[in-house]
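K.L.:
My questions will all concern the structure given below.
The values are calculated or read from the model by the stated rules, or taken from the named source; none is laboratory data. In this text, all values refer to a predicted model and were calculated from it rather than measured experimentally. Cβ: placed from backbone, ideal geometry, glycine included. Neighbour counts: every protein chain shown.
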Amino acid sequence: MSLSRIQSLRLAAVVEDCADQLEILGHTLTVQIRKERGDSADQEKARLTKLRRDCQSITQQVSLLHVDLEEKQCITSLLQLGEEEEQKKRDDEMRREAKKELEKRNQALRIQHEETQEKKEKLKDLSKQARDLQHKMEDLSAKMAHRKKLEEKNLELQLQQTQREGSQAEKLLEHEQEVGPTVHTS
């Protein structure tokens, strides 16, 4: 935007006055920062330091505008600054959105990780239960096999006992037949 020589000189004077006021404010902030003491003053110091940096940045931009007004009789640096600020805002918004998206993804990953851990624990528990049941089944099978052997042995002994008793009864019967009937007196 082009200005007349008089307009640009008037604006340059106003801008120069603003630059002077900003320098005074910067010095005042520097003095105030040095006066702050103690733990509670740390936040105030940080705030004042940020204000001082902002003043310095604005002073630089005002100086550029002053040079443009005096030499070129235009305000291109101001327009350029506005465009840069708009771009900076867009970039900041994109960064915030990207950060939010990243936080959402991280949260989803944390939840997924926790669910995976829970499933692992359940699987571990189920695996332990399966091993315990397998051991119990093996113990039960061994006990049943042992019991079956004992029962078979018991049956075999009973059969042998019965055969012996039958054999003895048979011998006794044969003996009685050979000897003849004996009379029992009671």
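K.L.:
Quick check: is even one residue across segment 43-59 over 26 Å from VAL14 (Cα atoms), among the small types (Gly, Ala, Ser), assigned to a helix (DSSP H, G or I) and assigned by TED's automatic domain parsing to the domain that holds ALA13?
P.N.:
yes
K.L.:
Could you figure out which of (1) modelled with pLDDT of 95 or more; (2) closer than 28 Å to GLY26 by Cα isn't true of GLU101?
P.N.:
All conditions pass for GLU101, except number (2).
K.L.:
Only one of (1) at pLDDT 95 or above; (2) hydroxyl-bearing (Ser, Thr, Tyr); (3) under 30 Å from SER4 (Cα atoms) is not met by THR76, so which one is it?
P.N.:
Going through the list (1) at pLDDT 95 or above; (2) hydroxyl-bearing (Ser, Thr, Tyr); (3) under 30 Å from SER4 (Cα atoms), THR76 breaks only (1).
K.L.:
Right, here's the next one. Is there any pair with a first residue in segment 79-98 that is without any contact (Cβ under 8 Å) to a residue 40 or more places away in the chain and a second that is of a type in the set (D, E, K, R) and in a helix (DSSP H, G or I) whose Cβ atoms are under 7 Å apart and which are 6 or more apart or on different chains, and what are they?
P.N.:
Hits for this filter: zero, empty list.
K.L.:
Against the definition (over 37 Å from the mean Cα position of the chain (by Cα), outside the structural domain of ALA13 (by TED's automatic domain parsing) and at negative phi), how does LEU81 come out, yes or no?
P.N.:
yes
K.L.:
What about GLU70, is it without any contact (Cβ under 8 Å) to a residue 60 or more places away in the chain and either surrounded by fewer than 11 Cβ atoms within 10 Å (Cβ to Cβ) or charged (D, E, K, R) (or both)?
P.N.:
no
K.L.:
Can you find even one residue in segment 61-69 that is in a helix (DSSP H, G or I), under 30 Å from SER4 (Cα atoms) and of a type in the set (Ser, Thr, Tyr)?
P.N.:
Yes: one or more hits.
K.L.:
Considering every residue within segment 23-38, establish whether at least one is at pLDDT 80 or above and either within 38 Å of the chain's Cα centre (by Cα) or under 28 Å from ARG5 (Cα atoms) (or both).
P.N.:
Scanning segment 23-38 turns up at least one residue that is at pLDDT 80 or above and either within 38 Å of the chain's Cα centre (by Cα) or under 28 Å from ARG5 (Cα atoms) (or both).
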